[in-house]
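Engineer: Here you go, one structure.
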Amino acid sequence: MRLRVLAALAFLMAPLGGANAQEAAPLLHSHWSFDGIFGTYDKASAQRGFQIYSQICSACHSMNYMAYRNLAGIGLSPAQIKAVAAAVTVPGGLDDQGKETERPGRPSDTFKAPFPNDKAAEAAMGGALPPDQSLLVAARDGGPNYIYSLMQGYVDPPAGVQVPVGHYYNKYFPGHMIAMPPPLTDNAVTYADGTKATLAQEAHDVATFLTYTSYPQLDEQHSLGVRVLLFLIFMTIVTYIAKRRVWADVH
Amino acid sequence: MAAGLFKSEVKNPVLRWVDTRLPLITMMQKEYGSFPTPRNFNYFWNFGALATVTLMIMIMTGVFLAMNYTPNANMAFSSVQHIMRDVNYGWLIRYVHMNGASMFFIVVYIHIFRGLYYGSYKFPRELLWMLGVVILLLMMATAFMGYVLPWGQMSFWGATVITNLFSAIPVVGQSIVQWLWGGFSVGNPTLNRFFSLHYLLPFLIVGVVFLHVVALHITGSNNPLGIDVKGPQDTLPFHPYYTVKDSVGLCVFLLIWAAFVFFMPNLLGDTINSIPANPLQTPADVVPEWYFLPFYAILRSVPNKVLGVALMFASIGVLFVLPWLDTSPVRSCRFRPIYRILVPLLVVDLFALGYVGAHHPQGFVVLLGRVATAWYFLHFLVFTPLVGWFETPLPLPESIAKPIVRKPHSGGGPIPGGAVAKPMENA
């Protein structure tokens with residue numbers, strides 16, 4: 001505990017030398033439908049991303065702040081959401097005898113996590129905790145472009161670089177040594193909508209879905225924002241005209 | 001009129017009944033209606049009103065956030081996500097509040113710059129100015145504690161680093177820090193008290209703002225010429241002239257605020273605050289919010305911890321004594337050929353300090369930080385008194401209504417002498 005405090009103070013007082021020695025490569029950039037003030041989620045892409053999450057990511061990563069009902073935002077129908085939720089079994093509380101019960105998931109349940117807790121996840125993953133994915137895009141510099149790049153960043157290490165056991169070399173990961181095995185390859189999934197599953201396509205789709213899970217309100221935020229800005233521009237003009245009129249007898 | 005009643009001039013009998021017993025209507029009419037205000041304000045004089053409106057919006061959004069927030073170390077982070085995802089328009093309320101802190105500092109920093117440039121801190125407005133510095137300090141404390149509440153990584157480590165500053169106090173430092181924390185590290189007790197204080201301090205700010213306004217209404221406002229009001233020809237009633245002018249500024253301000261809220265709500269934040277607080281993992285960079293960066297830079301520019309902390313507090317403290325450091329009798333920089341260069345240079349200096357605060361202190365950054373820190377204190381402690389003594393001010397105008405009468409080379413241009421205010425009868 002004292003060490004922690006000292007570490008913080010050491011940072012505060014001492015110049016840091018070469019803390020970023022292992023610079024990550026500049027990120028790849030994709031075109032995102034949700035960029036710009038009129039941007040909205042590409043629902044087809046987000047749904048493909050959800051398919052990748054369900055079939056691949058969710059084996060290790062939790063998604064604790066997403067409820068199944070939130071899938072409505074990427075265009076799933078109530079019936080589809082019910083079906084997705086019902087496919088998992090969740091704790092159902094205590095029965096009359098005080099015994100733990102189980103029940104099928106409901107739309108109001110949050111995504112079922114692959115591990116009961118962080119310790120169990122770490123133990124299963126060789127000590128590295130797969131981060132929760134609900135805020136992954138929000139929590140990484142570069143946001144969706146970071147995810148997009150990371151998925152395509154697994155390359156052979158440069159000559160002379162030793163990759164520790166249980167790690168992989170990724171040119172976009174800070175420090176390069178990532179514990180996550182390459183999750184996506186060409187044709188890692190067979191898309192339900194028939195889209196060709198190239199690595200770049202998969203990376204784009206999963207980054208779109210993860211942006212949605214970080215910012216599920218984004219579509220509403222943009223459309224409300226445009227209306228608010230238009231209103232305020234109108235109010236600015238009206239108020240300025242009023243000001244000119246009021247001040248006309250002074251100038 | 002019965003004895004003991006106020007002589008109200010309100011016409012409406014019901015309002016009049018109230019006003020004779022509690023003359024709020026008369027007071028508002030006097031202080032915000034007919035209040036004589038210098039006629040020559042520029043748009044820099046909007047920022048006091050903008051700050052007031054921002055404070056109100058912050059309190060209102062804050063109250064609604066507090067209804068849905070849980071100040072517990074295990075639940076704070078997820079309760080913020082609950083606000084963002086489940087509460088109706090919770091994301092909007094939070095984004096307004098979150099970006100509102102930055103907007104508040106932008107507005108207040110410009111407001112302070114206005115005071116510096118036009119000499120609003122000088123006689124007779126010294127106490128008014130000092131109350132403003134108290135507001136700034138309260139705002140800083142409030143903003144710092146507010147940033148801790150989401151309990152992300154930067155919340156936690158920012159709180160750890162900043163509270164540790166107090167350990168620089170000789171002998172009792174460590175005890176004070178533990179007393180602040182309510183434990184042996186930042187933890188649940190710290191979060192609880194910060195939440196309580198974050199809710200309390202804004203109302204103290206409202207109180208000091210009230211005093212700030214009362215003091216303002218005794219001395220009257222300064223103005224871009226920095227000369228005293230000589231008579232009614234120099235003033236306009238506050239309403240409608242300045243209510244409407246403030247409204248224009250307010251609309252533009254809200255436009256900018258809304259642009260942040262809807263289209264770049266996280267631009268001024270830090271990505272790693274989207275990771276829940278983890279006491280076992282120190283982030284690579286612990287960086288305060290942008291509005292603290294210049295002060296953080298001053299702190300880090302001094303190789304001695306105690307001295308660094310002392311200088312950081314002194315950088316605000318020096319503002320308290322500014323009215324007595326400035327030896328020039330002239331208020332407005334318009335008539336101060338040297339000081340009018342020094343004040344913008346101070347702004348450049350603060351931007352340099354901001355840059356330093358945001359970057360690793362190595363090489364050039366360290367040097368820049370030390371030079372900029374030295375300049376900051378030289379500006380207030382050396383340049384300000386000296387320039388006041390040696391500078392020859394330009395000739396001052398006779399009055400606000402005849403601003404260019406005594407300018408030496410005003411040529412044969414028409415003198416706007418006829419610009420005499422018509423007193424508003426029924427403002």
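Just so you know, all these numbers are worked out from the coordinates, no wet-lab data involved. The structure presented is a predicted model; accordingly, all values stated were derived computationally and were not measured. Using ideal geometry, Cβ is built from the backbone for each residue, glycine included, and neighbour counts are taken over all protein chains shown.
Engineer: Considering only helices (runs of 4 or more DSSP H) fully contained in the stretch B:1-104, which possess at least 2 residues that are of a type outside the set (D, E, K, R), more than 30 Å from residue A:110 (Cβ to Cβ) and in contact (Cβ under 8 Å) with a residue 12 or more places away in the chain? Working first, answer last.
Structural biologist: Numbers: elements: B:13-21, B:24-28, B:47-68, B:76-85.
Qualifying helices (runs of 4 or more DSSP H): B:24-28, B:47-68.
Engineer: Yes or no: the stretch B:196-215 includes at least one residue that is in contact (Cβ under 8 Å) with a residue 12 or more places away in the chain and outside any helix (DSSP H, G or I).
Structural biologist: Among the residues of the stretch B:196-215, not one is in contact (Cβ under 8 Å) with a residue 12 or more places away in the chain and outside any helix (DSSP H, G or I), which makes the answer no.
Engineer: Also, quick follow-up: Identify the single condition in (1) away from every other protein chain (no Cβ under 14 Å); (2) surrounded by 15 or more Cβ atoms within 10 Å (Cβ to Cβ) that residue B:324 does not satisfy, given that it satisfies every other one.
Structural biologist: Residue B:324 satisfies every listed condition except (2).
Engineer: For the stretch B:111-118, check the following and say yes or no: at least one residue is over 28 Å from residue A:70 (Cα atoms), touching a Pro at 6+ places or on another chain (Cβ under 8 Å), away from chain A (no Cβ under 12 Å) and not in a helix (DSSP H, G or I).
Structural biologist: Yes, because at least one residue in the stretch B:111-118 is over 28 Å from residue A:70 (Cα atoms), touching a Pro at 6+ places or on another chain (Cβ under 8 Å), away from chain A (no Cβ under 12 Å) and not in a helix (DSSP H, G or I).
Engineer: Let me ask something additional. Every residue in the stretch B:341-384 that is touching a residue at least 24 places away in the same chain (Cβ under 8 Å) and in contact with a His (Cβ under 8 Å, 6 or more places away or on another chain), please.
Structural biologist: Result: B:342, B:345, B:346, B:349.
Engineer: As an exercise: evaluate residue B:277 against (1) closer than 30 Å to residue B:89 by Cα; (2) facing chain A (nearest Cβ under 9 Å); (3) aliphatic (A, V, I, L, M) and give the number of the one condition it does not meet.
Structural biologist: That leaves (2) as the condition not met.
Engineer: Also, I was wondering about something else. From the set of residues in the stretch A:106-148 that are within 28 Å of residue A:164 (Cβ to Cβ) and β-branched (Val, Ile, Thr), which is farthest from the other protein chains (Cβ to nearest Cβ)?
Structural biologist: A:147
Engineer: So, one more: What's the number of the condition residue A:121 fails, among (1) touching a Ser or Thr at 6+ places or on another chain (Cβ under 7 Å); (2) outside any loop (DSSP other than H, G, I, E, B); (3) surrounded by 19 or more Cβ atoms within 10 Å (Cβ to Cβ); (4) not acidic (Asp, Glu)?
Structural biologist: (1)
Engineer: Filter the stretch A:193-217 for residues that are crowded, with 19+ Cβ neighbours inside 10 Å and among the hydrophobic types (A, V, I, L, M, F, W, C) and give the result.
Structural biologist: Once the filter is applied, which keeps residues that are crowded, with 19+ Cβ neighbours inside 10 Å and among the hydrophobic types (A, V, I, L, M, F, W, C), the stretch A:193-217 yields A:197, A:203, A:206, A:207, A:209, A:210.
Engineer: I'm checking my understanding of the structure. Among residues of the stretch A:33-80 that are farther than 29 Å from residue A:129 by Cβ and assigned to a helix (DSSP H, G or I), which one is nearest to the other protein chains (Cβ to nearest Cβ)?
Structural biologist: In this case the residue turns out to be A:72.
Engineer: Go through (1) in contact with a Pro (Cβ under 7 Å, 6 or more places away or on another chain); (2) surrounded by fewer than 20 Cβ atoms within 10 Å (Cβ to Cβ); (3) part of a helix (DSSP H, G or I) for residue B:229 and report which single condition fails.
Structural biologist: That leaves (3) as the condition not met.
Engineer: Does residue A:191 fit the bill of being under 24 Å from residue A:41 (Cβ atoms), within 14 Å of another protein chain (Cβ to nearest Cβ) and touching a residue at least 60 places away in the same chain (Cβ under 8 Å)?
Structural biologist: Against the criterion (under 24 Å from residue A:41 (Cβ atoms), within 14 Å of another protein chain (Cβ to nearest Cβ) and touching a residue at least 60 places away in the same chain (Cβ under 8 Å)), residue A:191 does not qualify.
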